[in-house]
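Participant: Pasting a structure below so you can have a look.
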Amino acid sequence: MSLHGHVYERRLVWRHRLGQLFEWACRLATFTALGILVLLLLSIGRQAIGWLDWGFLTRSNSYEPREAGIMAGLMGSLWLVGLTAIMSVPLGVGAAVYLEEYAKPTRLTKFIQLNISNLAGVPSIVYGILGFTVFVRMFGMMDRPEEFQCSLGFASFSFQLPLGRVVISGACTLALLSLPVVIIASQEALRSVPASLRHASLALGATKWQTIRHQVLPAALPGILTGVILSLSRVIGETAPLAVLGAPAQLSYAPGSIEGIGDAVQHPDKILQAPFDQFTTIPLQIYGWINETKPVFEHVASAGIVVLLAVLLLMNGAAIFIRQRFQKSIRW
Amino acid sequence: MSSAGRSRREKPSLRRAFSWLRLREEAIRCLLFGCALLSVMTTLAIIFVLVTETMIGIPPHTSFFQDVSLSEFFLGTEWTPNFSAEQAHYGVAPLVCGTLLITGISGLIGLPTGLMIAVYLSEYASPKARSICKPMLEMLAGVPTVVYGYFGLRFLTPYFIMPVFGGLGAQGYNALCGGIVVGIMIIPMVASLSEDVLRAVPNSLRESGYALGATKFDVSARIVVPSALSGVIASFLLALSRSIGETMAVAICAGNMANLSLNPLEATQTMTAFIVNVMQGEVVAGSTLEKSLYAVALVLFVMTLVMNLVSQLILEKFREAYQ
């Protein structure tokens, strides 16, 4: 008996040691991952020192590393993400509302749901191929591009068909790419709205849409906004699909040649022209600088990365702010 | 009785009566259904585009498989589509090999690390540690892939791979670097997906373990992880499918040379890197090179689709088991 007890205790000590070892291994894994993040930020930040200044943000690119700038990419990214949001947010939220509020659990609904989860896992480069074929080349149906002029009285713009490598092609592609993510995030936000809210509204005689429009959507808004901003920040960092569309890495002008707010106010036709203009984005410029043969360009690339990360951090900060702010005011 | 019948006839049931409000409700319903259907149409469009360019071919143009035989594509061992017509070979094996090599390395690094982080976060971490670690992992997940590529090329290769493996003949661009970088990228994904399934394991299982005298290690490693195994495997599959589709980091770090070799110290080319690399230059519309892009994309799409589908089905089974 005592012998068995002895063995048990010795084993127990060993088991506890193993447990501790395991706990430390798990902890180590976590801190290694976080350490890599810190290492990445520090090493890139150190390279960017001295290269990141106001001029870098306001200049167009140049073959001279010291003269290189990110203005075209910054404006391109903003245009792209804005147009993407205009397309993907209403469509994505609409689809989420249908799936959560209207759809009955039929086979079709299940299929749509499975399809959305699968689309979220399709590699972004496949979306690039899709966008290239459908928007940039339009299946090669036309032999040569045709110019169209469009006049709206106060301003006019021109575009060509097939669309070519313009902002709107990129935005359509990225809208398709971000749609599943927006749908899934919005669905989660809608699901967290308690059913009692819907029942109360319906019991007071509101129609289904009135209930959704005035009760459910406002209640789910913070969650939806957070999800939308996070998916849009992924859109900003997206490189592969745009590279596949054939968007150039470096351009010397912003879409529509708009370089400031004053410019846009004075020439409204530039705003209309911008979606049909060529573009580059911050990550594409970074990719271009990485591929430069002159080694000095790695500093330019780091400076570009810092700008990109700053934009992302701003967006994520906004998401967190919205989450905090609205979560306090709504309590079930 | 009869008067009630008449009044019903005169004034049809409110449920059936026409009203603009009802019409609007119905219109909105249809509109929202259209939004939901758009996702199905996207899938169909992807399949349509890839299949027409590779297999069917719209009359003026021929399809890829009319130019290149199926057996050459799947059994050939040389991938040289950039060469002139006589010397061009379209055997997809080197690209698939490069992709699998990178995916394998990334899995070796990302999957165990991600799972251990998940175990730490769900079983060991205090609420405070969790509240610090989770946002940082989200940040790690939010870093764009081109940044990881730069990190791999400018820091991992010169300061880690060259000093350690330089003697073994590591090249400036190598698959190992690409694999490590992609492995780091999938860590947050594995961690957060696995943590979700680990936390879904009911507490009663943990408590019965403790009641039988199990240590914390026994509970985490021998009760919680095995009971969540199907969910963990699903998260692994999703992460691996992401590795297969990962593009920029690989295109930057791993080089652009199709190479039928499993040596991680040599340059290689994945399917995704090939597509980006070709599209960076001017491609002649209708050339076999251009059509080969679609063929490669189709292979990529099918591979990731199968993995995603399997993992979705596993996750669904898992949810049924515990919720």
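Participant: From the square roots a ≥ b ≥ c of the eigenvalues of the alpha-carbon gyration tensor of segment A:102-244, which class results: rounded (a/c under 1.5), prolate (a/b over b/c), or oblate?
Facilitator: Numbers: a/c = 2.44, a/b = 1.80, b/c = 1.35.
Because a/c hits 1.5 or more and a/b exceeds b/c, segment A:102-244 counts as prolate.
Participant: Between A:Thr109, A:Thr30, A:Thr207, find the one with the highest GNM mean-square fluctuation for chain A; connect C-alpha pairs within less than 10 Å.
Facilitator: Comparing A:Thr109, A:Thr30, A:Thr207 in the GNM, the peak value goes to A:Thr30.
Participant: Quick check for me: using +1 on Lys/Arg Cβ and -1 on Asp/Glu Cβ, what's the dipole size of chain B about its Cα centre, in debye to the nearest 20? Could you put the intermediate results ahead of the total?
Facilitator: On the way: 21 positive and 20 negative charges, 429 e Å.
Around 2060 debye, computed over chain B.
Participant: Rounded if a/c is under 1.5, else prolate if a/b is larger than b/c, else oblate: which is segment A:1-153, with a ≥ b ≥ c the root eigenvalues of its Cα gyration tensor? Could you put the intermediate results ahead of the total?
Facilitator: Working: a/c = 3.54, a/b = 1.55, b/c = 2.28.
It is oblate, given that a/c is not under 1.5 and a/b is not larger than b/c.
Participant: Something else about it: Please state the equivalent ellipsoid semi-axes for chain A: what are the square roots of 5 times the Cα gyration tensor eigenvalues, largest first, in whole Å?
Facilitator: Three semi-axes, in Å: 42, 34, 20.
Participant: Considering amide H positions built from the backbone, and no H for Pro or chain starts, which residues 5 or more places from A:Gln160, or on another chain, come under 5 Å of its amide H?
Facilitator: Those qualifying (amide H under 5 Å, at least 5 residues apart or on another chain) are A:Phe148.
Participant: Per residue of segment A:124-141, what does 6.51 cos²θ - 1.76 cosθ + 1.60 with θ = phi - 60° give for ³J(HN,Hα)? Whole Hz please, x for Gly and Pro, Karplus curve as stated.
Facilitator: 4, 5, 5, 4, x, 4, 4, x, 4, 6, 7, 9, 6, 9, 6, 6, x, 6
Participant: Which value, to two decimals, describes the C-alpha radius of gyration of the protein assembly as shown once divided by 2.2 N^0.38 Å?
Facilitator: Rounded to two decimals, the normalised Rg is 1.06.
Participant: Shifting gears a bit: Can you pull the mean other chain C-beta count within 10 Å for peptide B:216-224?
Facilitator: Details: counts 6, 9, 4, 1, 4, 4, 0, 0, 0.
Mean partner shielding for this stretch: 3.
Participant: While we're here: Considering only B:Pro94, B:Pro202, B:Pro81, give the residue with the highest GNM mean-square fluctuation for chain B, with springs between Cα atoms whenever their separation is below 10 Å.
Facilitator: B:Pro202
Participant: Under the rule of at least 5 residues apart or a separate chain, name every residue whose amide H is placed under 5 Å from the amide H of B:Trp79.
Facilitator: B:Gly91
Participant: Quick one: 3J(HN,Hα) in Hz for segment B:174-189, Karplus 6.51/-1.76/1.60 with θ = phi - 60°, rounded, Gly and Pro as x.
Facilitator: Here the 3J(HN,Hα) series is 9, 5, 4, 4, x, x, 4, 4, 5, x, 4, 5, 8, 3, x, 5 Hz.
Participant: Still on this structure: Put +1 on the Cβ of each Lys and Arg and -1 on the Cβ of each Asp and Glu in segment A:54-329; which of A:Ser158, A:Ala68, A:Ala203 then has its Cα farthest toward the positive end of the dipole?
Facilitator: Going by the charge dipole, the pick is A:Ala203.
Participant: Same structure again: Using the beta-carbon distance between B:Ser69 and A:Leu39 and R0 = 51 Å, what value does 1/(1 + (r/R0)^6) give for FRET efficiency, to the nearest 0.05? Numbers along the way, then the final one.
Facilitator: On the way: r = 49 Å, r/R0 = 0.96.
Efficiency computed from Cβ-Cβ geometry: 0.55.
Participant: So how much slack lies between A:Asp53 and A:His199, counting 0.36 nm per residue of separation and subtracting their Cα-Cα distance, in nm? Spell out each step's value before the answer.
Facilitator: Numbers: separation 146, 0.36 × 146 = 52.56 nm, distance 5.61 nm.
Here the answer is 47.0 nm.
Participant: Percent relative contact order of segment A:1-135, based on C-alpha pairs within less than 8 angstrom and at least six residues apart? Don't skip to the end; give the middle numbers.
Facilitator: Numbers: 35 pairs, mean separation 10.8, N = 135.
Taking the mean separation of contacting Cα pairs over the length of segment A:1-135, I get 8 percent.
Participant: How high is the relative contact order of chain A, given as a whole-number percent (alpha carbon pairs under 8 Å, six or more residues apart)? Let's see the in-between values first.
Facilitator: On the way: 417 pairs, mean separation 82.2, N = 332.
The normalised contact order for chain A reaches 25 percent.
Participant: Counting only residues 5 or more places away or on other chains, whose amide H sits under 5 Å from the amide H of A:Gly69 once H atoms are built in the peptide plane?
Facilitator: Here A:Asn61, A:Ser62 satisfy the definition.
Participant: Of all chymotrypsin sites (Phe, Trp or Tyr not before Pro) in segment A:34-100, which ones are in loop regions per DSSP and have a Cβ with at most 15 other Cβ atoms within 10 Å? Intermediate values should be presented prior to the final figure.
Facilitator: Working: sites: A:Trp51, A:Trp54, A:Phe56, A:Tyr63, A:Trp79, A:Tyr98; in loops: A:Trp51, A:Tyr63.
When the chymotrypsin sites (Phe, Trp or Tyr not before Pro) of segment A:34-100 are filtered for loop state and at most 15 Cβ neighbours within 10 Å, A:Tyr63 remain.
Participant: Turning to a different aspect of this structure: On a 0 to 90° scale, report how tilted helix A:71-97 is relative to the longest principal axis of chain A, with both axes built from alpha carbons and the result rounded to the nearest 10.
Facilitator: 60 degrees
Participant: Based on alpha-carbon centroids, what's the gap between segment A:42-57 and segment B:264-323 in Å, whole number please?
Facilitator: 35 Å
Participant: Let me make sure I get this right: for segment B:14-56, a, b and c are the square roots of the gyration tensor eigenvalues over alpha carbons, sorted descending. Under 1.5 in a/c it's rounded, otherwise prolate if a/b > b/c, else oblate. Which is it? Could the numbers behind the result be given before it?
Facilitator: On the way: a/c = 6.61, a/b = 4.73, b/c = 1.40.
Verdict is prolate for segment B:14-56.
Participant: Considering only DSSP states other than H, G, I, E and B, which chymotrypsin sites (Phe, Trp or Tyr not before Pro) in segment B:52-147 qualify as loop sites with at most 15 other Cβ atoms within 10 Å?
Facilitator: Numbers: sites: B:Phe64, B:Phe65, B:Phe73, B:Phe74, B:Trp79, B:Phe83, B:Tyr90, B:Tyr120, B:Tyr124; in loops: B:Phe83.
Those satisfying the criteria are B:Phe83.
Participant: A further question on this structure: Per-residue ellipticity at 222 nm for the protein assembly as shown, helices alone: DSSP H runs ≥ 4 residues times -39500 (n - 2.57), over residue total, nearest 500 deg cm²/dmol? Display every interim value, and only then the final one.
Facilitator: On the way: 28 runs with 429 residues, N = 655.
Calculated mean residue ellipticity at 222 nm is -21500 deg cm²/dmol.
Participant: While we're here: Work out the count of Lys pairs in the protein assembly as shown where the Cα-Cα distance is under 25 Å, with the pair 8 or more places apart or on different chains.
Facilitator: Close lysine pairs found across the protein assembly as shown: 9.
Participant: Under a point-charge model restricted to the Cβ atoms of Lys and Arg (+1) and Asp and Glu (-1), what is the dipole moment magnitude of chain A relative to its Cα centre, in debye to the nearest 20? Kindly include the intermediate steps, with their values, before the conclusion.
Facilitator: Values: 25 positive and 18 negative charges, 362 e Å.
Roughly 1740 debye, rounded to the nearest 20.
Participant: Take peptide A:249-256, look around each residue's Cβ out to 10 angstrom, count Cβ atoms belonging to other protein chains, and average those counts.
Facilitator: Values: counts 1, 0, 0, 0, 0, 0, 0, 0.
The shielding value for this peptide is 0.
Participant: Under the Karplus relation 6.51 cos²θ - 1.76 cosθ + 1.60, θ = phi - 60°, what is the ordered set of whole-Hz ³J(HN,Hα) values for segment B:33-50, x standing for Gly and Pro?
Facilitator: So the J values, rounded to whole Hz, are 4, x, 4, 5, 6, 4, 5, 5, 5, 4, 4, 4, 4, 4, 4, 4, 4, 5.
Participant: Moving on to the next point. Explain nothing, just the number: relative contact order of chain B, from Cα pairs under 8 Å at least 6 residues apart, as a whole percent.
Facilitator: On the way: 405 pairs, mean separation 75.3, N = 323.
It comes to 23 percent, rounded to a whole number.
Taken together, the values in this text are just the output of simple stated rules run on the coordinates, not laboratory data. Computed from a predicted model, the values in this text were never measured in an experiment. For neighbour counting, all protein chains shown are included, and Cβ atoms are generated from backbone atoms with ideal geometry for every residue, glycine included.
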